[in-house]
Amino acid sequence: AQHYFTTIKMIKISTINEAISNNDVQVLDSSIYNGHEKILFCKDTSTNLKAIIAVHSTKLGPGLGGCRMWDYKNQNEALNDVLRLSRGMTYKASITGLNLGGGKAVIIGDSKKDKTKELMESFGEFVESLGGKYITAEDVGMSPSDMKDIRKKTSHVVGTPKEMGGSGDPSIVTAYGVYMGIKGSAKFRWGNDNLQNKKVFVQGVGKVGGFLIDYLKKDGCEIIINDIDIEKMSEIASNKNVNIVSENEMFNKSYDIYAPCALGATLNDENIEALKCEIIAGGANNQLEKEGFHDVLLKKKNILYAPDFLINAGGLINVYSELKKWDKEKTLRMTENIYDTTISILKRSEKEDISTHKAALSIAKERLNK
Ligand code: NAD
């Protein structure tokens, strides 16, 4: 029998009453928990922390996944994000062959304005309360120095700075894995993985997008970028000598490759309708707004989609190395496997006439069910 066991645990002050009165979350009965093992709602009024930690599965090991700090419109948006992200981590670890489960955390707030050392420490206390079922790391809006603050309260944290014995920012390895996924996709689509003169649209030029540009530029790609952070976008455009496309225009242009490296759900009805590219391969998590629908739509449009949870696994491999005391070389070699895995998944999708997302998911589920 399959166990759907969701623990809603509250420490300090509960957010549940608030949620019920807003009628926005069916706290115990909602199907949105989708088989999650544990959801921890965290609120600490002394530090203004509002966070949610979701552990989707610990079947293959502790749920390891980054913590995202984002200025969500409301708590529902944050909850949906953490549930989708943690589920994705289960499949990411599985398909990558790591003995890890799936977990993820979100902190509600603007990382530029609301982040304090105390808030990070308070988050660390909540991570500690899960006793190792969840191990945290960086995601959007978080850095190795935040991991250092979290470390003061819990040992269940990776991606700490190198001087502390950690593996540092995982983003560069994530970007390397995405680059491998792009090359694997190119090989499958065009018969060779030479990216010279390929036009690539990188959406989101943060940590992953920024490093990805470097790899692609070395291969002679023509890069076009967009980011909602106008200042950062202009800085990257001039430092890395790449062109900018406006938000209004970005899905009206033609590209060889679209690399989503911002937040999720950019593969939705509207964007897919407009998209003119041959390959989608990027670092963002949860790129498909509706799994099982938008992946099929892309297949119908003959756009090759490299499953996000497969090709952005480099960062997870890197932080896993911190637990296993691997060296850098081993981490990079394992990340390079993403090239072959991408090709084998694309082949499977073609052979079985299923979407590439479905092909990747079945491989991940096969390992989980073994
Ligand atoms: P980051 O915060 O460094 O960068 C994200 C960038 O996206 C920021 O510059 C932000 O301004 C921009 N952005 C946000 N919304 C946007 C939009 N609508 N349009 C254009 N730009 C937008 O984060 P990151 O660590 O580079 O992560 C990027 C993505 O990759 C996220 O989805 C993250 O979950 C995923 N990911 C990251 C890692 C990692 O190692 N950092 C690993 C796996 C997956």
For segment 235-245, how many residues meet the condition of being under 17 Å from E222 (Cβ atoms) and within 13 Å of the ligand (Cβ to nearest atom)? 4
Output the residues belonging to segment 123-164 that are farther than 24 Å from S46 by Cβ and of a type outside the set (A, V, I, L, M, F, W, C). G132, K133, E138, D139, P144, G159, T160, P161, K162, E163
Within segment 233-290, residues under 22 Å from the mean Cα position of the chain (by Cα), part of a helix (DSSP H, G or I) and not charged (D, E, K, R) come out as M233, I236, N271, I272
Of all residues in segment 188-215 being farther than 22 Å from I230 by Cα and in a helix (DSSP H, G or I), the one that is farthest from the ligand (Cβ to nearest atom): W190
Going through segment 152-198 one residue at a time, which ones are over 20 Å from G315 (Cβ atoms), in contact with a Cys (Cβ under 9 Å, 6 or more places away or on another chain) and open to solvent by less than 20 Å² (accessible area, probe 1.4 Å)? L195
Would you confirm whether or not segment 112-124 contains a residue that is more than 21 Å from E322 (Cβ to Cβ) and within 13 Å of the ligand (Cβ to nearest atom)? yes
Taking segment 263-294 on its own, how many of its residues are touching a residue at least 24 places away in the same chain (Cβ under 8 Å) and either open to solvent by less than 10 Å² (accessible area, probe 1.4 Å) or within 28 Å of M69 (Cβ to Cβ) (or both)? 21
Quick check on F201: is it over 23 Å from L275 (Cβ atoms), in contact (Cβ under 8 Å) with a residue 24 or more places away in the chain and crowded, with 21+ Cβ neighbours inside 10 Å? no
Enumeration of residues in segment 95-153 that are touching a Leu at 6+ places or on another chain (Cβ under 6 Å), in a strand (DSSP E or B) and hydrophobic (A, V, I, L, M, F, W, C): I135
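The values are calculated or read from the model by the stated rules, or taken from the named source; none is laboratory data. None of the values given here were measured: they were computed from a predicted structure. For neighbour counting, all protein chains shown are included, and Cβ atoms are generated from backbone atoms with ideal geometry for every residue, glycine included. The protein model used for the area step is the full one, side chains on, heavy atoms only, and it has no ligands, DNA or RNA in it. Shrake-Rupley method; radii C 1.70, N 1.55, O 1.52, S 1.80 Å.
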